[in-house]
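Here's the structure, in structure tokens; my notes come after.
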Amino acid sequence: MFANGVYISDSDWHGIYDRALPVGKSSQVVLEDNVWIGDSAIVNKGVTIGKNSIVGAGSVVVKDVPKNVIVAGNPAKIVKELDQNEKIISREDMFSSPQELDALYLKIDQISLKENSFLGWLKSKFLPNKKN
């Protein structure tokens with residue numbers, strides 16, 4: 001999963017002395033299964049991020065990240081190891097059952113719309129104010 005503003009680069013894009021020529025070195029970036037990259041994080045060339053690992057928002061990853069950890073900071077360092085006894089549910093798992101996904105979205109709607117009412121909607125149409 002990629003949050004907003006994630007930047008992943010497999011190249012330097014230019015040399016450190018001759019910045020006019022697009023010659024920098026390239027190195028593959030590997031993201032293993034069920035990786036989550038947080039908002040505005042940067043992942044640099046040559047990095048592998050292990051299965052189930054999470055990169056915290058705003059982090060800069062310059063070295064490999066092992067599986068089942070959370071990294072954060074600049075440069076990113078391990079801040080937590082994931083509990084091996086907890087079941088990790090991936091996005092793939094979430095989308096595997098359309099019926100369960102429908103039920104989940106219905107529950108989310110119920111939670112987010114619980115304050116709404118027909119009377120409230122009528123008031124917003126006929127007596128609008130900043131609150132409604």
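Each value in this text was obtained by applying a stated rule to the coordinates, not by laboratory testing. Keep in mind the model is a prediction, meaning the values are calculated, not measured. Ideal geometry is used to build each Cβ from the backbone, glycine not excepted, and the neighbour counts take in all protein chains shown.
Observations
- Long-range amide H partners of V79 with built H, under 5 Å: I70, V71, A72
- Using a simple spin-label model with pseudo-atoms 7 Å out from Cα toward Cβ, D64 and K125 lie 6.2 nm apart.
- Farthest toward positive dipole pole in the chain [+1 Lys/Arg, -1 Asp/Glu at C-beta], among Y7, Y17, N116: N116
- Each Lys or Arg adds one and each Asp or Glu takes one away; over the other residues whose Cβ falls under 15 Å from the Cβ of I89, this sums to -3.
- Neighbour-limited loop hits for GluC sites (Glu not before Pro), the stretch 66-109 (at most 12 other Cβ within 10 Å; DSSP other than H, G, I, E, B): E86
- For q = 0.12, 0.19, 0.24, 0.25 Å⁻¹, Debye-computed log10 I/I(0) when each Cα of the stretch 18-89 counts as one equal scatterer: -0.34, -0.72, -1.02, -1.08
- For the listed residue pairs K45/K77; K25/K51; K25/K63; K67/K87; K25/K45; K45/K87, the alpha carbons are over 20 angstrom apart in K25/K51; K45/K87.
- Amide H contacts of V65 (H built 1.01 Å from N, under 5 Å, at least 5 apart or other chain): T48, I49, G50
- Around G46: net Lys/Arg minus Asp/Glu count, Cβ-Cβ under 10 Å: +1
- Helix 98-112 axis, angle to the chain major axis (alpha carbon atoms, nearest 10°): 70 degrees
- Using a cutoff of 8 angstrom between alpha carbon atoms and counting only pairs six or more residues apart, the relative contact order for the stretch 1-83 works out to 23 percent.
- Range in the chain, longest, excluding exposed chymotrypsin sites (Phe, Trp or Tyr not before Pro) [loop by DSSP; at most 13 other beta-carbon atoms within 10 Å]: 18-94
- For the stretch 8-115, the list of trypsin sites (Lys or Arg not before Pro) that fall in a loop by DSSP and count at most 16 other C-beta atoms within 10 angstrom reads R19, K25, K51, K63, K67, K87, K114.
- Estimated at 0.36 nm per residue, the fully extended path between K87 and N4 surpasses their Cα-Cα distance by 27.3 nm.
- C-alpha center-to-center spacing [the stretch 117-132, the stretch 71-116] in angstrom: 33 Å
- Summing charges over neighbours of K25, with a neighbour being any other residue whose Cβ is under 15 Å away from its Cβ, gives -1 when K and R count +1 and D and E count -1.
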